[in-house]
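A.B. asks: Take a look at the following structure, please.
The values are calculated or read from the model by the stated rules, or taken from the named source; none is laboratory data. On a predicted model such as this, the values are computed, not experimentally measured, just so you know. Backbone-built Cβ (ideal geometry, glycine too); neighbour counts: all protein chains shown.
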Amino acid sequence: MSSSMPSERRSPRALLATIAALGLAVSGCSTAAPASEAGSISVLTGDTPGQDVVALPENFERLLDRALEELPTLATDALEQSGVPGMSIAVVHGGKTVFAEGFGVREIGTRQQITPDTVFQVASVSKSLSATGIAAAIGEADGKLSWQTPIHELLPTFQFKDPTVTELATVGDAFSHRTGLFTGAGDDLEDLGFDRAAIFEKLRLQPLDPFRSSYHYSNFGLTVGAEAVAASRGQSWEDLMDELVFEPLDMTSSSARHDDFLAHQDRALLHAFEDGEFVAKYDRNPDPQAPAGGVSSTANDLAKWMLMVLADGRAGGTQIVDADALAEAMTPQIVSSTGPDITARPGHYGFGFNASPQVGGRMAVSHSGAFALGAGTNYQLLPELDLGIVVLTNGAPMGVAEAVATEFTDLVQYGKVTRDWVTDAAGFFAPYTAPSGDLVGEARPADAASPPPLDSLVGKYESEYFGVLLVELRNGTLTARLGPTGNISLPLEEWDGRTFAYAPLSESAPAGSLASAVFAPDGGSVQLTSFDAQGLGTWRRAA
């Protein structure tokens, strides 16, 4: 991960795209070969020059043992420094779980201790688990399904805005974020309470960037690919994951259904970061985008999954997932980041997995997950080393999961932690919990113009994408109601003439967000700027 901060304000979901692309793993493997000259750096040569890597300074098993001994201290120090309430960690190596512990509490202010069996919402780590489900489905399809199968053959009713993309986009395109859908496409509808079917129908209105030559991390783009495969099997996505992943791996506490998460007594509550402290105030139901962010699981369950992935899809002597389809998913398919200049290593994304070269020249497979409303997760697999670590936290994304995992891999590679990862990661992740909107930090103009008569703005406004918006006048205050059932209410505060301020609060808009609602001079439309990222945030007054 680069320690530099983005220069412009970016949405939390857009930032996750960057974090997912960069990865924080610093991997190493193999024992050091004797240096040919004193003080020189040993390089282990592979079968091809592209497999040559810098050797470890000493025996790997000794480095691993020391890293495992220090891991509890890394975890407790990170929780203390960050204030994140709790964490669960598992490490796998050599075909078994070699570490599994919980730290901190499930809910702040209580003594409900976290264990390796505490259930967490894993957020976008779901993408890698879902890619595993697709790989398993490919293995069962006897050549009738692959990452190259067009989505429209499996889900004929789905449409992108461009008919050519509708015809050509494949399951792999969806899972590698290269359909052209922009980051956040559909997330805005989910924030308002629309379900998966409604969001799919509306995605045909979303603008597209160039197909296959642009990378935009897209929750609902990936979800379309997953749903297409499930539909081709005549089952729900949630049932597919049960049948092909969770049940074969005996992941008894894992599910892609939010209700299943809520049914667990031993579950970690989400903790948002507001006014400088963590608070357990929100529930995050990611069912509409379950393939992209809806899985809940435990460190022990995810250890079983990591062991299977490192074993080329095998578990307990049985081939659970097609090895070739799984390897293809973990192979770079698109450049996801290029860094600030030519000195930076590029980031790559496979099909639901990050796959990028690391400091020592080795490839690491990883993914992060983040809910601004209160979750931060990360796993890192070092296949050449046969090593994996997963870190789950129940605090808003502060980079703690990534920092602890990277400190661990630092110790494995170098015998020491190379930098203050907790501090550096916190700086990079800070925009996740920062308020968003064009009026954040702004003061109402001292010479603000008076608004038009408020009753002249009252009425029904319509958007083909967002649906109906009702502007109502109650006790002298305008309120905008929107969502599938008018379930979201946004009071409109007088700001400057026809511009009003409102405070959105959702996964995309942390507490303190403030944006403008602008009524057209003729009263024929209103634009809500926090919903206008793709130019769809204008509602027209109904006849």
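A.B. asks: Of all residues in the stretch 62-84 being exposed (fewer than 15 other Cβ atoms within 10 Å of the Cβ) and in contact with a strand residue (DSSP E or B) (Cβ under 9 Å, 6 or more places away or on another chain), which is nearest to residue 275 (Cα to Cα)?
C.D. replies: Among those residues, the one meeting the criterion is 76.
A.B. asks: While we're here: For residue 429, all conditions in the list (1) in contact with a helix residue (DSSP H, G or I) (Cβ under 9 Å, 6 or more places away or on another chain); (2) more than 22 Å from residue 117 (Cα to Cα); (3) in a loop (DSSP other than H, G, I, E, B) hold save one; what is the number of the exception?
C.D. replies: (3)
A.B. asks: Cβ-Cβ under 6 Å, sequence separation 6+ or interchain: first residue in the stretch 451-470 and without any contact (Cβ under 8 Å) to a residue 12 or more places away in the chain, partner in a strand (DSSP E or B) and loosely packed, with under 13 Cβ neighbours inside 10 Å. Which pairs?
C.D. replies: From residues that are without any contact (Cβ under 8 Å) to a residue 12 or more places away in the chain, there are no pairs.
A.B. asks: Condition test on residue 485, is it surrounded by fewer than 16 Cβ atoms within 10 Å (Cβ to Cβ), assigned by TED's automatic domain parsing to the domain that holds residue 533 and outside any strand (DSSP E or B)?
C.D. replies: Numbers: surrounded by fewer than 16 Cβ atoms within 10 Å (Cβ to Cβ): yes; assigned by TED's automatic domain parsing to the domain that holds residue 533: yes; outside any strand (DSSP E or B): yes.
Yes; evaluated as a whole, the condition is true for this residue.
A.B. asks: Report yes if residue 80 is under 15 Å from residue 386 (Cβ atoms) and out of contact with any helix residue (DSSP H, G or I) (no Cβ under 7 Å at 6 or more places or on another chain), otherwise no. So that I can check it myself, show each step before the final result.
C.D. replies: Values: under 15 Å from residue 386 (Cβ atoms): no; out of contact with any helix residue (DSSP H, G or I) (no Cβ under 7 Å at 6 or more places or on another chain): yes.
No: the conditions fail for residue 80.
A.B. asks: Taking only the stretch 494-525 into account, find how many residues are crowded, with 17+ Cβ neighbours inside 10 Å, of a type in the set (A, V, I, L, M), at pLDDT 95 or above and part of a loop (DSSP other than H, G, I, E, B).
C.D. replies: 2
A.B. asks: Looking at the stretch 142-156, which of the residues that are out of contact with any helix residue (DSSP H, G or I) (no Cβ under 8 Å at 6 or more places or on another chain) and not charged (D, E, K, R) is surrounded by the most Cβ atoms within 10 Å (Cβ to Cβ)?
C.D. replies: Out of the qualifying residues, it is 156.
A.B. asks: Another question about this same structure. Kindly list, by first and then second residue, each pair from a residue in the stretch 414-431 that is assigned by TED's automatic domain parsing to the domain that holds residue 403 and closer than 23 Å to residue 361 by Cβ to a residue that is in a helix (DSSP H, G or I) and polar (S, T, N, Q), limited to pairs with Cβ atoms under 6 Å and residues at least 6 apart or on different chains.
C.D. replies: Partner pairs satisfying both residue conditions: 421/406.
A.B. asks: Within the stretch 488-504, can one find any residue that is of a type in the set (Val, Ile, Thr) and within 27 Å of the chain's Cα centre (by Cα)? Give the steps one after another, and end with the answer.
C.D. replies: From the stretch 488-504, those of a type in the set (Val, Ile, Thr) are 488, 499; that's our starting set.
Still in the running and within 27 Å of the chain's Cα centre (by Cα): 488.
Yes, because at least one residue in the stretch 488-504 is of a type in the set (Val, Ile, Thr) and within 27 Å of the chain's Cα centre (by Cα).
A.B. asks: Sticking with this one: Need pairs with beta-carbon distance below 8 Å; first residue within 9 Å of residue 160 (Cα to Cα) and within the stretch 195-217, second among the polar types (S, T, N, Q); sequence gap 6+ or separate chains.
C.D. replies: Cβ pairs passing all conditions: 203/159; 204/159; 206/534; 207/534; 208/179.
A.B. asks: Identify the residue in the stretch 360-372 that is of a type in the set (A, V, I, L, M, F, W, C) and surrounded by 24 or more Cβ atoms within 10 Å (Cβ to Cβ) and, among all such residues, is farthest from residue 219 (Cα to Cα). Don't jump to the end; show me each part of the working.
C.D. replies: Filtering the stretch 360-372 down to residues of a type in the set (A, V, I, L, M, F, W, C) leaves 363-365, 370-372.
Going one step further and asking which of them are surrounded by 24 or more Cβ atoms within 10 Å (Cβ to Cβ), we end up with 364-365, 370-372.
On the way: 364: 22, 365: 19, 370: 12, 371: 13, 372: 15 Å.
Among residues in the stretch 360-372 that are of a type in the set (A, V, I, L, M, F, W, C) and surrounded by 24 or more Cβ atoms within 10 Å (Cβ to Cβ), the one farthest from residue 219 (Cα to Cα) is 364.
A.B. asks: How many residues does the stretch 79-93 contain that are under 20 Å from residue 269 (Cβ atoms) and either part of a strand (DSSP E or B) or hydrophobic (A, V, I, L, M, F, W, C) (or both)? Before the answer, list the steps.
C.D. replies: Start the filter on the stretch 79-93 by keeping residues that are under 20 Å from residue 269 (Cβ atoms), which leaves 79-80, 82-89.
Right, trim to either part of a strand (DSSP E or B) or hydrophobic (A, V, I, L, M, F, W, C) (or both) and you get 79, 84, 86-89.
So the count comes out to 6.
A.B. asks: List pairs: first residue in the stretch 320-347 and under 26 Å from residue 304 (Cα atoms), second residue surrounded by 15 or more Cβ atoms within 10 Å (Cβ to Cβ) and of a type in the set (Val, Ile, Thr) anywhere in the structure, Cβ distance under 6 angstrom, at least six positions apart or on different chains.
C.D. replies: Partner pairs satisfying both residue conditions: 321/132; 322/138; 325/138; 330/365.
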